[in-house]
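Worksheet for the structure shown next.
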Amino acid sequence: MEQQPSIGSSSPYYDIVIVGAGPVGLMLSTCLSRWGYKIKHIDNRAEPTPTGRADGIQPRSLDLLRNMGLKSAIMAHKPARVYEVAFWDPPQTGHGIVRTGTWASCPSFIDARYPFTTLLHQGLIERVFIADLEKNGVQIKRPWTITDFKSDNSENLEYPVEVQLKHVDGTASETVRAKYLFSGEGARSFVRQQLGIGVSHKDPIAHVWGVMDGVVKTDFPDIKMKCTIHSEHGSIMVIPREDNMVRLYIQIASSTDPDWDPCKTATEGEVQASAKRILEPYSIEWERVEWYSVYPIGQGISDKYTLDHRVFLGGDACHTHSPKAGQGMNTAFLDAQNLAWKIHAVEGGLADRALLTTYEPERKEVAENLLDFDNKYAKLFSQRPPAAAEVQAASEQSPTHAEDNEFIKTFKESCEFTSGYGVAYGPNVLNWSPSHPAQSALLNPKGTKLRTGRLMMNADVTRVVDANVVYLEQQIPLNGSFRIYVFAGKPSVTQQALKDFAFNLGDKRSFFGAYYCDNIASVSYHDNLDLNPHSLFFTICTVFAARRSSIEISRDLPDLLARYRDLVYADDRWDRHIPDAKAAAHAKMGLDEENGGVVVVRPDGYVGCVASLVEGSGTVDALNDYFSAFCTKKLGIT
């Protein structure tokens, strides 16, 4: 957090310098500014994105934006919502195009709160973040660029990164020192080039695309839906937008063409003429064109995301792919979120610096999966049109079955990935596995349905203090803390286990007690709910498998848990996914409805570990072992 160095120097000092104010840079800056860090944020553009660029917010990203309190501002712009995708192909006889079928953008077998893709101009999304940054005292310096940097611990151990900046017109320059430097500059990252980090291309096939945003007059019936259109004249992807606009992606050239030219271009008029031919027998005319661009796309991934865990890359500086699946901005958001909370954990004193080494393998694996998916996704739409029966089967509300053919399997896998719910992080110190240093028999109890490294499942619960029905996974905001969900089972069964859990949790040698705030005795819980008044790194929820009317917080919870009374819930809501469950949240997690369990969720919403809730010190001992794998203090040591 913001702290002035003790050494004498005229250079300004920052916790982090962020280069680039696109989605990845803005997400990182927003998280860290909220948590009290001093940020130098620059962008080489004079203003936010005026037109064009990314526009798709996937369901998982909308969850994240709601968790940050930014969803309402996004939705105030009345973006388009894509619930279904339409597939158009040449008819079996004759010319033109016909609708082959439609399917859900986010089928109901995916338990999504917002089962649609939100489509909105990137500049409007950027402005939502910028307004939040200004509330937290961060102004993006424009138009400024980075000219040089070096990272040297021997020169300054606390602020090892020296960064040279200048105004783009050369009229001013500045040298600053920072703990970290982050490149969110995009595919042509200066920082990546200076580090000598190469980019590996996953697929030798490259494409040149034309993209056009505008308002059209057309009799094409699905212009308000996302469409993939194949015809004898070429292919188009249709994306509805806000303010009656539509985006058209048109492939202009491919490296598989006999006359392939990566510099091939096309005029706005030529692309419009091509679109008219592809859409026949339907007509299309442009009332106005908001934005038009031609750009090459290749599937590339950076060989490294960092060399010294002081200078980091994220977003398009790390990975490039086609725009068809609408993943670029969403992947960038999660790059930034992943890095932000880890920097916070290290700089705040919770975690060893080695925690930062998990950023690259977690996020690079996701990017590699994205590029593999992008390749598969492209082939899915470039091969033969699926039969109507296959499209119908792919739309069924059920998970993949062994008898599914390759098209249906690919579609279902794609739906989970494109929605954002398919992201999975592999085993490491954060994501428990049998090889984790924590070896308690209480970890990963039999029957749990939660998978470490995956998002915690959604669940509806009733808040005890006011009887409001709420989304459990949304109750703790993105505050940089680990989320400790105490599934307390039946109060009559777990009363002693809860007392023992709270007693051992309050010990100054526990993972919770060891990181109490210094002023804990004088802080009211209601003063700083989002900032966690008793610990910067842990927020505790309790969920009883009982009806709300039967729960008395002061009677059923020990004081340490009862003081978080606004985060006490009744698991008494019916869930269509498990209609016969008496306590649906417990059942969805695979936790015993009588004995409960404890779920540790990382600050970014991914499950870290699951433990049984038992009498005695066993539960806290098991969690101490888990956190000891990366925390700075020795936990549970007598």
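Just so you know, all these numbers are worked out from the coordinates, no wet-lab data involved. Keep in mind that this is a model prediction, so the values were computed, not measured. Heads up, the Cβs are rebuilt from the backbone with ideal geometry, glycines too, and the neighbour counts pull from every protein chain shown.
Mean separation of Cα pairs under 8 Å and 6+ residues apart, divided by the residue count of the chain: what relative contact order is that in percent?
Values: 1351 pairs, mean separation 88.5, N = 638.
The value is 14 percent.
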*Around ILE252, which amide H atoms from residues at least 5 apart in sequence, or from another chain, sit under 5 Å from its own amide H, with H modelled in the peptide plane?*
VAL208, TRP209, GLY210
*Which order do peptides 312-322, 251-261, 161-171, 37-47 fall in by mean Cβ count within 10 Å, highest first?*
312-322, 37-47, 161-171, 251-261
*Lys and Arg at +1, Asp and Glu at -1: add these up for the other residues within a Cβ distance under 11 Å of VAL138 and post the number.*
+3
*Work out the FRET efficiency for GLU155 and ASN369 from their Cβ-Cβ distance, taking R0 = 45 Å, and round it to the nearest 0.05.*
0.70
*Out of SER29, PHE482, VAL366, whose Cα points farthest toward the positive end of the dipole of the chain (charges: +1 Lys, Arg; -1 Asp, Glu; placed on Cβ)?*
PHE482
*Suppose R0 equals 51 Å; then what is the FRET efficiency for THR265 and SER549 from their Cβ-Cβ distance, rounded to the nearest 0.05?*
0.15
*For the range 207-297, size of Cβ-based charge dipole, Lys and Arg +1, Asp and Glu -1, in debye*: 180 debye
*Sequence-distant or interchain residues sharing an amide H contact under 5 Å with HIS319, placed H: which?*
SER302
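By per-residue mean of other Cβ atoms within 10 Å, what is the highest-first order of 599-611, 281-293, 494-506?
Details: 599-611: 23.9, 281-293: 14.2, 494-506: 19.9.
Ranked by mean Cβ neighbours within 10 Å, highest first: 599-611, 494-506, 281-293.
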*Which distance in nm do the two modelled labels at HIS577 and GLU47 give, with both placed 7 Å along the Cα-to-Cβ direction?*
4.4 nm
*Can you tell me the dipole magnitude for the range 23-107 around its Cα centre, using point charges on the Cβ only (Lys, Arg +1; Asp, Glu -1), in Debye to the nearest 20?*
420 debye
_13 Å beta-carbon shell around ASN338, net charge (K/R +1, D/E -1)_ = -1
*Amide H to amide H, which residues 5 or more places from LYS141 or on other chains are under 5 Å from it, using H placed in the peptide plane?*
HIS41, ILE42, ASP43
*Evaluate the distance, in nm, between pseudo-label points positioned 7 Å from the Cα of ASP257 and of ASP219 along their respective Cα→Cβ axes.*
3.1 nm
